[in-house]
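Accompanying notes for the structure given below.
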Protein chains: 2
Amino acid sequence: MTFPSRVTLFLACIITLSANAQSPQQRVRQYRQTRETALMDEYRQFLTIPNVSSDSATIRQNAAFIMQMMKQRGIPASLLDGVKPGTNPAVFGEVKVPGATKTLIFYAHYDGQPVNPKQWAKGLQPFEPVFITAPVEQGGTIVTTYKSGDAINPTWRLSGRGSADDKAGVMAILNAYDALVKSNIKPTVNLKFFFEGEEELGSTHLGDILQKHQDKLTSDLWLIVDGPRHVSGKKVVQFGVRGDVNMNLTVYGPKRPLHSGNYGNWAPNPAQKLVNLLASMKNDEGRVMIKGFYDDVTPLTAREKQAMATVPNMEAALKKELGIAKPDGGGASFMDLMMIPTLNINGIQSANVGPMAGNVIPTKAEAVLDLRLVRGNDITRQIERVTEHIRGQGYHVLDHDPTDADRQQYPKLIKITTGAGYNAQRTPMDLPIAQEVIAAVQTTSTDPIVLTPTAGGSLPLYLFEKHLKANVVSVPIVNYDNNQHAENENVLVQYLWDGIETLAAIMQLK
Amino acid sequence: MTFPSRVTLFLACIITLSANAQSPQQRVRQYRQTRETALMDEYRQFLTIPNVSSDSATIRQNAAFIMQMMKQRGIPASLLDGVKPGTNPAVFGEVKVPGATKTLIFYAHYDGQPVNPKQWAKGLQPFEPVFITAPVEQGGTIVTTYKSGDAINPTWRLSGRGSADDKAGVMAILNAYDALVKSNIKPTVNLKFFFEGEEELGSTHLGDILQKHQDKLTSDLWLIVDGPRHVSGKKVVQFGVRGDVNMNLTVYGPKRPLHSGNYGNWAPNPAQKLVNLLASMKNDEGRVMIKGFYDDVTPLTAREKQAMATVPNMEAALKKELGIAKPDGGGASFMDLMMIPTLNINGIQSANVGPMAGNVIPTKAEAVLDLRLVRGNDITRQIERVTEHIRGQGYHVLDHDPTDADRQQYPKLIKITTGAGYNAQRTPMDLPIAQEVIAAVQTTSTDPIVLTPTAGGSLPLYLFEKHLKANVVSVPIVNYDNNQHAENENVLVQYLWDGIETLAAIMQLK
């Protein structure tokens, strides 16, 4: 659609006339302040729709809900769908602004990580959002008295899967636009909206979608709204992301679980084998011992180094908050460690612990590794380095459960499967339109904006470069302590409100 | 009670007169063959009562069921109870045989290991026993057509928690006695029965029970019916057991789960710390690297070495069946490895694997270790060696979750708790009454009986020595491939029948 003309906005003008003396940011804020209950009711409803990426039925309910949100805000919406059977659709929308010469496309994703409700704190359910007074890990409690229409304390958090990562992006983008429309402020740029539905699967089909719909998806800049603001609370503009891929390892023991007394010392224990293997990969300082693991890292540019030097150092506060006496990294800084690849054990399991533990030699042991990649790393090469290391520990590598013949032939058997993944991406810091974004965000904050060459987290941004030759920067809006990807995920209410103001400012790019 | 007099058995004599020309073993067998359905119906009913040691309500239902079984067989039964609040009762019974000068006390335990129904094969439930044609791991299927009264194929297995470990002992002991009574065969020894209810908890209160009831529990020999026959299928008499204790380890990471991208390389990962710790304990050959771990082992006597030399070597068959190309132990034999202590990872867990895995740095990582002890080891000393090793890896050891102060002070924190446990026990092989047991068992088998100085498994038999100055030997009856302590536990039907004959023979000790 085209941005509403002056004529159609006549009524809105009358209502908001008194506000016109205020700054655009003040008018956006006032708009939000008068509608907090309605905005939050809608967001809570959005969060009740389960959004685990693998469940295509509920994923499509989320897409339909977003289309409805867009329709209510006058944004024509459509599904970018059908590139391959089973692909979760992206939701697309577009607003043409008369006189605008640039086009910004705003990105967020509406799918979420898997949930294990048992791991969530008492009273919290992944898809039953409630307000909490603070993170539950810091003694926060549920605001049991809250009902729709009550005043919402901006220091509260709203809990639920996706509340921060990344339905918050969808919520803030659409309400930033709506705030401008309802406040009679004309964006300076044409706007496009792109909401992905399988980011947490590793954006399996994003490349296909971008390629198929490249005519629709042209822009001067992709503006990514995902991830947290700086740990200091300062707003941040990020120029890149790490790449990411998971490796699933399964080591095999006896074909049936064995009594640990009758077979102990003789039957190999797959949990012992797996811990020995994983220990060979990384030392107690957090240094990866795999040959060549750090070799391909592209050095930072002078401009990037300069930006890095201005990032506030929050390590002392983080150590206290997280209960960490000594970080990994052998003394390197938090930011320096973000500029190199990682190898992280996401999870490990063999048989049972706690009350369900039995005195057994288990049949298998499993671990999931997360590899983050930086500029210069290649996903295939990095996976091969880890695999080669595993071979070097005497393992025969399979892509399937072992057959009897495999078991008879090889003393050490491992199944390795890898998830979908992608390389890192980094945009030059001196790109003119990126400088304009920094300036716009700076208008909403008295603190200096934090500029980082890369986020710690990952998004498949390299696909935008590859398929669309697009420029990309990220403007994260949520609190850093949001438990994303884990139990008790939450978003700080004030940061949602701030996010609306930040994104509205970007829509008025000079 | 006293064994039934000739007069009261007059009717039974008439009925079984034709059988009197047969051997006692044949008569016991015939008794069983005519009553297989009834015996198995009762046993299946017994197995439907959940028996996880920690659930005192269902444990008492099991005890009541056993009392009823004993009453139906004319054995006066009572609970040895109330030594401490919450103690699971032992069930006791006694039969005095006119003219007998020796007393044997038969032991089995009716409690079972914890269950995780999700780990059981499709169609198998821990407390819904069904017949299977073979181990499910070897392609066995459920005999869905079976109904009470049908002929029972002796090559079938009956599935369920406790089916082998160790309700099978209760079943075979009571039916062996019943078979003698109903076949009009007088035992040659006074009989006592002792069925324990917290063996799988580490026999926490067994010492208290033995001490409180020592007058009732005098005997010439404790006859332990628990554990499997030899892997070759041969019957076995064992002269000792290993000791056992569990250690639960919890290593701590950040206070809340962290995004692996935003904090990876900086926040210590407790799963990595734990795998590094466990890897430092044991190498890939299965050798424990903890200082002094193998130091205290009492050497075998000449008689024990001689018995060991005659134990059939089943390693080739086991390797094939279990899918093991190369056993642990650096070339030492299965039996030699049974004569030294073990350190086994029963289970390990941190966060999630599989579809529920997220890209997180977990807050903690847990493992359960099982330590088996042999003659010469002391439980306290062995635990301290492991703990000292952990300290040597830089850990500060706690017995509680860390406080904030602990977290700020110590880079590496671990919580260690230990379960109830006990030392090993070994009876001299040349003990006269033990020789009589061997001879009795030998009457039921054309194969030579396998004699082993110790079982691989554990029972708190040292308590019988300590509190009662008793002699102890074990006569295991179930199949070795019974999945005891794990999912899909099962007992081979023929071995239940054999067990009845074996124990009936021991009740007729010369």
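Only the coordinates and a few stated rules stand behind these numbers; no lab work does. Computed from a predicted structure; not experimentally measured. Every residue, glycine as well, gets a Cβ built from its backbone with ideal geometry; the counts of neighbours run over all protein chains shown.
Assuming R0 = 51 Å, can you tell me the calculated FRET efficiency for the pair A:ALA38 and B:GLN211, based on Cβ-Cβ distance, to the nearest 0.05? Can you show the working numbers first?
Details: r = 73 Å, r/R0 = 1.42.
Efficiency at R0 = 51 Å is approximately 0.10.
What fraction of the DSSP beta bridges in the protein assembly as shown is antiparallel, stated in percent and rounded to the nearest 5? The partial results should precede the final answer.
On the way: 93 of 141 bridges.
Of all bridge pairs located within the protein assembly as shown, approximately 65 percent are antiparallel.
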Quick one: in chain B, what % of C-alpha pairs are over 33 Å apart?
43 percent
Lys and Arg at +1, Asp and Glu at -1: neighbours of B:VAL189 with Cβ under 9 Å from its Cβ sum to 0
In whole Å, how far is the Cα centre of segment A:477-501 from that of segment B:247-297?
32 Å
With one decimal in nm and the nearest listed first, the spacings from A:ALA21 to its own position in the other copies, using label points 7 Å along Cα-to-Cβ, are 12.5
If you add up the charges near B:THR417, with Lys and Arg at +1 and Asp and Glu at -1, over every other residue whose beta carbon is less than 12 angstrom from its beta carbon, what do you get?
-2
Which of B:TYR294, B:LEU210, B:PRO187 sits farthest toward the positive end of the charge dipole of segment B:163-319, with +1 on the Cβ of Lys and Arg and -1 on the Cβ of Asp and Glu?
B:TYR294
Given charges of +1 on the Cβ of Lys and Arg and -1 on the Cβ of Asp and Glu, with all other atoms neutral, how large is the dipole of segment A:84-159 about its Cα centre, in debye to the nearest 20?
120 debye
Does anyone have the angle between helix B:379-392 and the longest principal axis of chain B? Alpha-carbon axes, 0 to 90°, nearest 10?
20 degrees
In order over segment B:263-279: 3J(HN,Hα) from phi, Karplus 6.51/-1.76/1.60, θ = phi - 60°, whole Hz, x for each Gly or Pro, gives 10, x, 5, 10, 7, x, 9, x, 5, 5, 4, 5, 5, 5, 5, 5, 5
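First check a/c for segment A:191-264, with a ≥ b ≥ c the square roots of the eigenvalues of its C-alpha gyration tensor; if it is under 1.5, answer rounded, and if not, answer prolate when a/b is larger than b/c or oblate otherwise.
Oblate is the answer for segment A:191-264, as a/c is 1.5 or above yet b/c matches or exceeds a/b.
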With a point put 7 Å past each Cα toward its Cβ, work out how far B:ALA325 is from B:GLN306 in nm, to one decimal.
4.2 nm
Between 0 and 90°, nearest 10: helix B:24-33 axis offset from chain B longest Cα axis:
70 degrees
Quick check: Cα centre of segment A:371-428 to Cα centre of segment A:129-193, how many Å?
40 Å
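Quick check for me: using +1 on Lys/Arg Cβ and -1 on Asp/Glu Cβ, what's the dipole size of segment A:249-349 about its Cα centre, in debye to the nearest 20? Don't jump to the answer; show the numbers that get you there.
Details: 11 positive and 9 negative charges, 85 e Å.
My answer is approximately 400 debye.
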Inter-copy label distances at B:ASP55 (7 Å, Cα→Cβ; nm, one decimal)
2.8
Copies of B:GLN435 compared via label points 7 Å along Cα→Cβ give distances in nm, shortest first, of 10.3
Once R0 is set to 60 Å, what does the formula 1/(1 + (r/R0)^6) return for the Cβ-Cβ distance between B:ALA317 and A:ARG60, expressed as a FRET efficiency to the nearest 0.05?
0.65
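What does the net charge come to around A:LEU274 if you take all other residues with beta carbon closer than 13 Å to its beta carbon, with K and R at +1 and D and E at -1?
On the way: positive: A:LYS273, A:LYS364, A:LYS412, A:LYS415, B:LYS282; negative: A:GLU366, B:ASP284.
Local net charge: +3.
Rounded to the nearest 500 deg cm²/dmol, what is the calculated helix-only ellipticity per residue at 222 nm for chain B, with -39500 (n - 2.57) per DSSP H run of length n ≥ 4? Before the final figure, lay out the partial values.
On the way: 16 runs with 158 residues, N = 510.
Counting only the DSSP helices, I get -9000 deg cm²/dmol.
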